[in-house]
Amino acid sequence: MQQQTPRPSDQHRVVIVGGGFGGLFAARALGRSGYDVTLLDKRNFHLFQPLLYQVATGTLTVGDISTQQRVVLRKYPNVRTLLGTVYDVDVNRQIVFYEGGEAPYDTLIAATGVKHHYFGNDHWREHAPGLKTVEHALEMRHRLFRAFEEAEKEPDPERRRRLLTFVIVGGGPTGVELAGALGDLTQRVMVGNFRAIDPRDARIILVEGTDNILPAYSDNLRDAAKTMLEELKVEVRTNRMANDITENSVTIQAPDKSTETIETGNVLWAAGVTLSQFGRTLAARTQGETDKPGRLVVNECLQMPSHPNIFVIGDLACAPDGKGGTLPGLAPVAMQQGRYVAKQLKRQAKGKAAKPFHYHDKGSMAIIARYRCVGEIFGWKVKGAFAWLVWSLIHIASLIEPDQRMTVTIQWLSRFFGTSADRLITGNPPKTADVQADHGVIIDRKAS
């Protein structure tokens with residue numbers, strides 16, 4: 001098969017791998033810049049990942065938080081978007097290899113993000129889906145709402161209890177937001193929707209390995225978040241780590257090595273990240289240093305120390321914060337880094353020296369549920385209904401396309417004042433053999 005390659009050009013060639021916040025903002029900032037820009041991604045859409053948990057719990061749909069990359073970049077004739085998984089890079093010849101072709105570069109921007117880390121227990125992935133992609137969110141939604149449907153027709157109390165038990169591993173922002181959204185579903189949204197079960201009887205357990213949930217937040221905000229979760233009947237277990245996960249249970253371990261096994265088939269993963277496959281390849285090809293979580297170490301200008309024409313941004317980068325630490329893997333960080341790299345390339349074209357990247361921290365927030373939110377905005381600690389309103393406005397303003405902002409606003413308002421949610425169960429049934437009680441016939445769902 002003949003390879004497809006980006007159009008030849010005498011311009012400086014910038015190849016961006018990854019169309020997340022960092023990659024897309026870099027591409028947009030380089031629009032009409034005179035650079036020949038190619039954006040490579042295995043998806044043809046940008047995903048507003050901070051709202052992915054709301055897709056998993058039915059508040060929003062995939063279309064509400066996704067935008068096709070080439071639509072966002074349609075106004076910039078010097079920017080080309082290509083669909084393909086990047087699998088290798090030759091840093092000496094300066095070529096990126098992707099499925100279907102290769103892309104030569106003068107400057108490479110790596111922005112592929114990270115993936116879930118199961119700490120050497122990759123077999124847990126089958127039983128404990130994470131939340132990084134659209135597919136993850138849809139699988140999680142499928143599992144959540146099917147559990148309630150199965151419980152509605154389950155006559156055995158023990159099996160019903162297991163179906164209505166949910167364990168979330170990881171007490172960072174994703175885990176806390178997921179637990180809060182699930183708590184809101186069971187305590188408010190789905191109440192009265194069933195006849196044999198009461199969703200309020202569901203058991204939700206949030207497991208965190210450190211002393212506190214939301215480790216990056218101040219003590220009073222952590223305490224407020226914990227109280228909000230408990231108001232939604234979420235059991236918060238700190239200083240507990242997942243020890244084993246199977247199809248029907250999760251075992252958690254305390255610091256004294258004592259263990260507790262919780263019977264459930266609903267384990268959701270929100271703990272730990274590691275390098276993407278391209279990140280691993282780039283680290284190997286450049287002999288780059290990585291930090292403990294596996295992020296690529298870059299200098300103050302977001303460059304690989306051994307290859308200054310390679311920038312690493314977003315979650316993939318272990319970048320200094322100027323205070324002796326490193327920058328967190330947050331969407332605002334990636335956005336600012338994307339714009340920064342574009343600005344640096346423009347400065348470079350004018351023969352100007354590079355300036356170190358400085359992150360302008362406007363704050364961070366974690367939404368627990370309706371009216372429940374904690375965060376810090378420009379140094380002010382906020383919580384409750386006011387924080388929730390600010391969070392909503394910030395996220396709506398951050399959506400890429402104007403149409404999305406209107407759609408999401410309407411969706412949130414309708415679900416804020418009501419109890420509707422996108423609880424459709426799509427996809428194939430679980431691949432298990434069930435017994436049809438009335439006839440005693442084994443139904444093999446693998447073959448159906």
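The values are calculated or read from the model by the stated rules, or taken from the named source; none is laboratory data. Source: prediction; values computed, not measured. Ideal geometry is used to build each Cβ from the backbone, glycine not excepted, and the neighbour counts take in all protein chains shown. Heads up: the accessible areas ignore ligands, DNA and RNA and are worked out on the full protein's heavy atoms, side chains in. Shrake-Rupley method; radii C 1.70, N 1.55, O 1.52, S 1.80 Å.
The set of residues from region 356-367 being of a type outside the set (F, W, Y), modelled with pLDDT of 90 or more and open to solvent by less than 80 Å² (accessible area, probe 1.4 Å) comprises just one member, P356.
Mind checking whether some residue in region 173-182 is more than 24 Å from T67 (Cβ to Cβ), buried (at least 20 other Cβ atoms within 10 Å of the Cβ) and within 14 Å of the chain's Cα centre (by Cα)? Break it down into steps so the answer makes sense when it comes.
First pass over region 173-182, keeping only residues more than 24 Å from T67 (Cβ to Cβ): 175-176, 179-180, 182.
Now restrict to residues that are buried (at least 20 other Cβ atoms within 10 Å of the Cβ): 175-176, 179-180, 182.
In the following step, the residues that additionally are within 14 Å of the chain's Cα centre (by Cα) were identified as 175-176.
For region 173-182, residues more than 24 Å from T67 (Cβ to Cβ), buried (at least 20 other Cβ atoms within 10 Å of the Cβ) and within 14 Å of the chain's Cα centre (by Cα): present.
Residues in region 331-371 that are under 20 Å from K381 (Cβ atoms) and of a type in the set (F, W, Y) were compared, and the one that is farthest from the chain's Cα centre (by Cα) is Y371.
Does E235 count as in a strand (DSSP E or B), open to solvent by 20 Å² or more (accessible area, probe 1.4 Å) and not aromatic (F, W, Y)? If you could, list the steps in order and put the result at the bottom.
Details: in a strand (DSSP E or B): yes; open to solvent by 20 Å² or more (accessible area, probe 1.4 Å): yes; not aromatic (F, W, Y): yes.
Yes, satisfied.
Looking at the structure I just gave you, is L229 of a type outside the set (K, R), surrounded by 15 or more Cβ atoms within 10 Å (Cβ to Cβ), modelled with pLDDT of 95 or more and at positive phi? So L229 fails the test. Scoring N78 on the criteria (1) closer than 30 Å to E177 by Cβ; (2) at pLDDT 90 or above; (3) open to solvent by less than 40 Å² (accessible area, probe 1.4 Å); (4) polar (S, T, N, Q) leaves a single failure, condition (1). Looking only at residues of region 380-392 that are under 17 Å from P332 (Cβ atoms) and modelled with pLDDT of 80 or more, we find that the one that is farthest from the chain's Cα centre (by Cα) is W380. Taking region 112-137 as the range and being touching a Ser or Thr at 6+ places or on another chain (Cβ under 7 Å) and open to solvent by 20 Å² or more (accessible area, probe 1.4 Å) as the test, the residues that pass are T112, V114, K115, H117, H127. Of all residues in region 198-213, count the ones that are in a helix (DSSP H, G or I) and open to solvent by 10 Å² or more (accessible area, probe 1.4 Å). Of the residues in region 198-213, 2 are in a helix (DSSP H, G or I) and open to solvent by 10 Å² or more (accessible area, probe 1.4 Å). Pick from region 272-282 the residues that are part of a helix (DSSP H, G or I) and not small (G, A, S): which of them is modelled with the lowest pLDDT? Looking at the filtered set, the residue picked out is Q277. Close Cβ contacts (under 9 Å, 6 or more residues apart or on different chains) running from residues in region 340-355 that are without any contact (Cβ under 8 Å) to a residue 60 or more places away in the chain and surrounded by 14 or more Cβ atoms within 10 Å (Cβ to Cβ) to residues that are part of a helix (DSSP H, G or I) and among the polar types (S, T, N, Q) comprise A354/Q344; A354/Q348. Say whether the condition of being assigned to a helix (DSSP H, G or I) and in contact with an Asp or Glu (Cβ under 7 Å, 6 or more places away or on another chain) is met by at least one residue in region 144-160. Checked against the condition, which is being assigned to a helix (DSSP H, G or I) and in contact with an Asp or Glu (Cβ under 7 Å, 6 or more places away or on another chain), region 144-160 yields at least one hit.
Looking at A216, A179 in this structure, which one is within 25 Å of Q253 (Cα to Cα) and part of a helix (DSSP H, G or I)?
On the way: A216 fails: part of a helix (DSSP H, G or I).
Just one listed residue meets the conditions, A179.
Consider region 241-271 and keep the residues that are surrounded by fewer than 18 Cβ atoms within 10 Å (Cβ to Cβ), part of a loop (DSSP other than H, G, I, E, B) and not charged (D, E, K, R). The one that is farthest from the chain's Cα centre (by Cα) is S258. Of all residue pairs spaced 6 or more apart or on separate chains, those with beta-carbon atoms under 7 Å, a first member in region 128-154 that is closer than 16 Å to R195 by Cβ and a second member that is assigned to a helix (DSSP H, G or I) and open to solvent by 30 Å² or more (accessible area, probe 1.4 Å) are E150/L163; A151/R160; A151/L163; E154/R160; E154/L163.
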